[in-house]
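Notes to accompany the following structure.
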Amino acid sequence: MKTFETRSALTAWVNQQKSDGKSIGFVPTMGALHQGHLALVKKARNDNDHVVCSIFVNPIQFNTPEDLQKYPRTLTADLEMLAGIGCDAVFCPDEKEMYPTEETKVYDFGHLDKVMEGRYRQGHFNGVAIVVKKLFDTVLPDRAYFGQKDYQQLQIINALVKKENLAVEIVPCPTIREADGLAMSSRNTRLTPEQRREAANIFKALKNVNNLYPKTSISEIKKQTVSQIDASKHLEVEYFEIVDADTLLPIEKQTGNEKAVACIAVHAGQVRLIDNVLINS
Ligand code: AMP
């Protein structure tokens, strides 16, 4: 497995592969890899001749210096895992390589980046879009793989590709969960044992949404879901929304056939967890 620290060296390698007619699958990550990330890499490996993975903790998508500082970093273990599953190249740039000058670009994604995560994490998706665009410009992938765990991010990336007219296919991948249902996340390692136990209640409550929908009204589903999670001593719901799976606009009429997604953010002590379930998909 090759590792690259500069954009120019990686692009040169990619161009060489492309001139040999090889396709490139790309998995952008912030490291602290788990089976959720590896599922993306495996899918990319199946679909493409070569897989490139990036590991970069992107400072401009964090909302507080503390969250950035506490983000887990496990580069040696990450590289071992990637080599073990047949990743071809890893891009591990430092901050200066990605941001030699201050970033001023401001994207307008309409309401897509104003709701849910965008409402509670101002500027977060602008930081995500900037780094993903730079990574795409560097890796020149044929396909890029994103987890549905970060559902709103996936829709932002789809909007970015449309807006910038990029020649990359975005491949959504299902959320990988722990045995008790908790969505895998690099942030889970920061949970205390008690918070970790209770965190399984998030998916339990979300699964129940599919039982309640569409017979129960959205306001009643919201009430039940929030109180079910808030009943856990260490969990506190920040938001819970049921929105159209494509537009992320609130569902106005529950016909029972609409493609919807129920999205949630929950605080477990200092750790913020997000999850979602698809309805009718
Ligand atoms: P991150 O390192 O958290 O920025 O995530 C990198 C990619 O992995 C993103 O596309 C995430 O949506 C995806 N991802 C993270 N956790 C999971 C999971 N549990 N299942 C599937 N994909 C995931």
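A few notes on this one:
- Straight-line cross-link reach from Lys2 at under 14 Å between alpha-carbon atoms covers these aspartates and glutamates, not counting any fewer than eight positions away in the same chain: Asp78, Glu80, Asp88.
- Taking the Cα centre of segment 91-206 as reference, the dipole from Cβ charges on Lys and Arg (+1) and Asp and Glu (-1) amounts to some 380 debye.
- Under 11 Å, Cβ to Cβ, from Gln155 - net charge with Lys/Arg +1 and Asp/Glu -1: -4
- With every protein chain in place, segment 1-114: carbon and sulfur % of accessible area (1.4 Å): 49 percent
- Accessible surface area normalised per residue over the chain is 47 Å², counting heavy atoms of protein chains with a 1.4 Å rolling probe.
- Annotation for segment 237-281: GluC sites (Glu not before Pro) lying in DSSP loop with at most 12 further Cβ atoms inside 10 Å of their Cβ are Glu252.
- If you sort Val161, Val106 by accessible surface, 1.4 Å probe, largest first, the order is Val106, Val161.
- Pairs of Cα atoms nearer than 8 Å and 6+ residues apart set the relative contact order; for segment 88-229 it is 15 percent.
- Counting Cα-Cα pairs of segment 24-148 in 5 Å increments starting at 0 gives whole-percent bin shares of 2, 10, 19, 21, 21, 15, 8, 3, 0.
- Between Glu169 and Arg143, Ala144, the built amide H atoms are under 5 Å apart, and every one of these is 5 or more places off in sequence or on another chain.
- Under the convention that each Lys and Arg Cβ holds +1 and each Asp and Glu Cβ holds -1, the size of the dipole of segment 23-170 around its Cα centre is about 380 debye.
- Alpha-carbon Debye profile of the chain, log10 I(q)/I(0) at 0.10 Å⁻¹: -0.54
- Portion, in percent, of the accessible area of segment 165-217 that falls on carbon or sulfur, probe 1.4 Å: 51 percent
- Remark: for residue pairs Lys114/Lys233; Lys215/Lys259; Lys134/Lys162, the C-alpha separation exceeds 18 Å in Lys114/Lys233.
- Within segment 17-31: backbone nitrogen closer than 12 Å to the Met1 label point (7 Å, Cα to C-beta): 31
- The trypsin sites (Lys or Arg not before Pro) of segment 227-267 that DSSP puts in a loop, and whose beta carbon has at most 10 other beta carbons within 10 Å, are Lys233, Lys253.
- Among the trypsin sites (Lys or Arg not before Pro) found in segment 47-135, those both in a DSSP coil and sparsely packed, with 16 or fewer other Cβ atoms within 10 Å of their Cβ, are Arg73, Lys105, Lys114.
- Filter on Lys22/Lys96; Lys42/Lys149; Lys70/Lys96; Lys133/Lys207; Lys70/Lys223 - keep pairs with C-alpha separation over 28 Å: Lys22/Lys96; Lys133/Lys207; Lys70/Lys223
- Centre separation in Å (Cα based) which lies between segment 1-26 and segment 56-79: 25 Å
- Heavy-atom SASA rank of Met1, Met98, Met30 (probe 1.4 Å, accessible area, largest first): Met1, Met30, Met98
- Net charge over other residues, Cβ less than 15 angstrom from the Cβ of Ile264 (K, R count +1; D, E count -1): +2
The values are calculated or read from the model by the stated rules, or taken from the named source; none is laboratory data. A quick note: this is a predicted structure, and the numbers were derived from the prediction, not measured. Heads up, the Cβs are rebuilt from the backbone with ideal geometry, glycines too, and the neighbour counts pull from every protein chain shown. Just the protein is used for accessible areas: all its heavy atoms, side chains included, with ligands, DNA and RNA removed. Shrake-Rupley method; radii C 1.70, N 1.55, O 1.52, S 1.80 Å.
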